[in-house]
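Worksheet: the structure to be examined is printed underneath.
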Amino acid sequence: MTTPTQVTADGPGHGHGQRVVVAAAIEHRGRLLAARRTRPAAIAGRWELPGGKVEPGEDPTQALIRELREELAVDVDVVGQIPGPLEGDWPLDGLFVLRVYRVRLREGSPAPGVDHDELQWLAPHEVSSVSWLDADVEPARAAMQRIDTWVDFPAGAVLGSGTVRWVGPLDDGRLGVIVDRTPFHPLDHGWPDQPGDIGLLGGRRVLDSLTATIDDGGLVQVGADIAVRRGDPTRTWAVAHVLPAGSSVSLGEGVELVVDGGSRNALSRGHSACHLAALALNQATAGFWSKEPPRRDSRGFPFLDQIAILESRIRPNGASDSYRCGKSLRKAGFDSESFLADLTGVTDQVNALLTAWVAQGAASWIDTGGDPTLAAKRTWICAVAGGPAVIPCGGTHVSALGELGEVRVSIMATDAGFEVITTVG
Ligand SMILES: [Zn+2]
């Protein structure tokens, strides 16, 4: 914080008569930005959440946006607040209070100006690794509690350890537990294709894993109750480990996390096979399009899977995908009649492609774009013949197609269109 002088701005609803200094909890890829002060001499070398004083008549969030542009050369979005004990603010001194906003980078990467000589992106377990200004210790700790949960399932991990951040009953009476880092894959709330992992948390049974969010008021929402899109930055994104009713877990407890490897592996096999079947379907149905399709897949084929999918359900060693095949698809240029009349031919082509791809044994992995959190935009990549498969995906996968053994589909007509049943092994 700059030493405040002649500041008259008062935040809306603030009743202390104290004036406001704003500071930023900047979260990026699961880390919090800390900045080292160069001045005044009394605090030089200490670390802070960057920000500054609110000018007379200035809106506090606008003041923060301005300060970060001046001090760190970044454009930011203010997405929320880290509420403190003084009607939402944090104690600073007799005259001033500190208001801490949650901030995301819009453009630029922060660079120190004159007020700072060093910046650090701190992981959640590193919050105590720098010497914070006294007034910033508690706000920084609270801000770390709002960092999106780090997840290790995209790299295939089934073991990990974390610190318990939240414990509470779920609607059905079972216990929900949120930790700062986990290998557990949760069911996605918006596209619930792959079931959540099961296993052990601190030796207690985990019956299910669900997506959870935390808002600025501390409200935790789980699964279908979440009304925002995945990754919405106003929320903190987390994994709710579902334990039996009556389980006992303490806040701040360090826990070992063990995913049931057999269950995970069977779901990964089902999920990879599901994606392969979708790609093979795109290729095998390319001839039924009479004009340029609305979308093409990464291998250049009309993306029938994404254009027509209604629902996808991954199960151990398999998947079921329902598609529409009606008027709108026909309008887009897809010859539904000819396709439905030739399901046997299409099925044979799809199975031939799947056999060839599995025999080729290509590698398969998840690209997180360097973001270790649950909120990352993740992509499944597989080096199949004829161009790599690249599909947005939040699930888990085998590391090489050779692990699948055999993948086969059956395709049948339904009332809405058609269904693809994929089976592994
Ligand atoms: Zn997927």
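The values are calculated or read from the model by the stated rules, or taken from the named source; none is laboratory data. Just so it is clear, the model here is predicted, and its values are computed rather than measured. In this analysis, Cβ positions are derived from the backbone assuming ideal geometry, glycine residues included, and neighbour counts consider all displayed protein chains.
Among the residues of the stretch 15-35, those that are of a type outside the set (S, T, N, Q), out of contact with any Ser or Thr (no Cβ under 9 Å at 6 or more places or on another chain) and over 19 Å from residue 105 (Cβ atoms) comprise 15, 16, 17, 20.
Residue check: residue 193 meets all listed conditions (1) within 30 Å of residue 78 (Cβ to Cβ); (2) within 16 Å of the ligand (Cβ to nearest atom); (3) over 14 Å from the mean Cα position of the chain (by Cα) but one, namely (1).
Check whether at least one residue in the stretch 197-205 is away from the ligand (no atom under 16 Å from the Cβ) and in contact with a helix residue (DSSP H, G or I) (Cβ under 9 Å, 6 or more places away or on another chain), and report yes or no. Within the stretch 197-205 (the criterion being away from the ligand (no atom under 16 Å from the Cβ) and in contact with a helix residue (DSSP H, G or I) (Cβ under 9 Å, 6 or more places away or on another chain)), the answer is yes, since at least one residue qualifies. I need every pair where a residue in the stretch 365-376 that is among the polar types (S, T, N, Q) has its Cβ under 7 Å from the Cβ of a residue that is part of a strand (DSSP E or B), sequence separation at least 6 or different chains. Between residues of the stretch 365-376 that are among the polar types (S, T, N, Q) and residues that are part of a strand (DSSP E or B), the close pairs are 373/150; 373/151; 373/237. Exactly one residue out of 267, 251, 276, 243 is loosely packed, with under 15 Cβ neighbours inside 10 Å and among the aliphatic types (A, V, I, L, M), and it is 251. The number of residues in the stretch 50-101 being part of a loop (DSSP other than H, G, I, E, B) and closer than 15 Å to residue 137 by Cα comes to 6.
Listed by first and then second residue, the pairs with beta-carbon distance under 9 Å, at least 6 apart or on different chains, first residue in the stretch 91-113 and on the phi < 0 side of the Ramachandran plot, second part of a loop (DSSP other than H, G, I, E, B) and among the charged types (D, E, K, R), are 97/87; 102/146; 102/216.
Let's see how each residue does on (1) away from the ligand (no atom under 14 Å from the Cβ); (2) surrounded by 18 or more Cβ atoms within 10 Å (Cβ to Cβ); (3) among the charged types (D, E, K, R); (4) in a strand (DSSP E or B):
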residue	(1), (2), (3), (4)
345	yes, no, no, no
348	yes, no, yes, no
352	yes, no, no, no
356	yes, no, no, no
375	yes, yes, no, no
380	no, yes, no, yes
390	no, no, no, yes
396	no, yes, no, no
403	yes, no, yes, no
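Within the stretch 366-423, the set of residues being touching a Gly at 6+ places or on another chain (Cβ under 6 Å) and of a type in the set (Val, Ile, Thr) comprises 373, 422, 423. Scanning the stretch 172-190 for residues that are in contact with a strand residue (DSSP E or B) (Cβ under 8 Å, 6 or more places away or on another chain) and charged (D, E, K, R), which turns out nearest to the ligand (Cβ to nearest atom)? Among residues in the stretch 172-190 that are in contact with a strand residue (DSSP E or B) (Cβ under 8 Å, 6 or more places away or on another chain) and charged (D, E, K, R), the one nearest to the ligand (Cβ to nearest atom) is 188.
So that you can scan it fast, the table gives a plain yes or no per residue for (1) modelled with pLDDT under 95; (2) surrounded by 16 or more Cβ atoms within 10 Å (Cβ to Cβ):
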{"position": "15", "(1), (2)": "yes, no"}
{"position": "25", "(1), (2)": "no, yes"}
{"position": "85", "(1), (2)": "no, no"}
{"position": "92", "(1), (2)": "yes, yes"}
{"position": "99", "(1), (2)": "no, yes"}
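Among the conditions (1) surrounded by fewer than 18 Cβ atoms within 10 Å (Cβ to Cβ); (2) assigned to a loop (DSSP other than H, G, I, E, B); (3) away from the ligand (no atom under 16 Å from the Cβ), the only one that residue 371 does not satisfy is (1).
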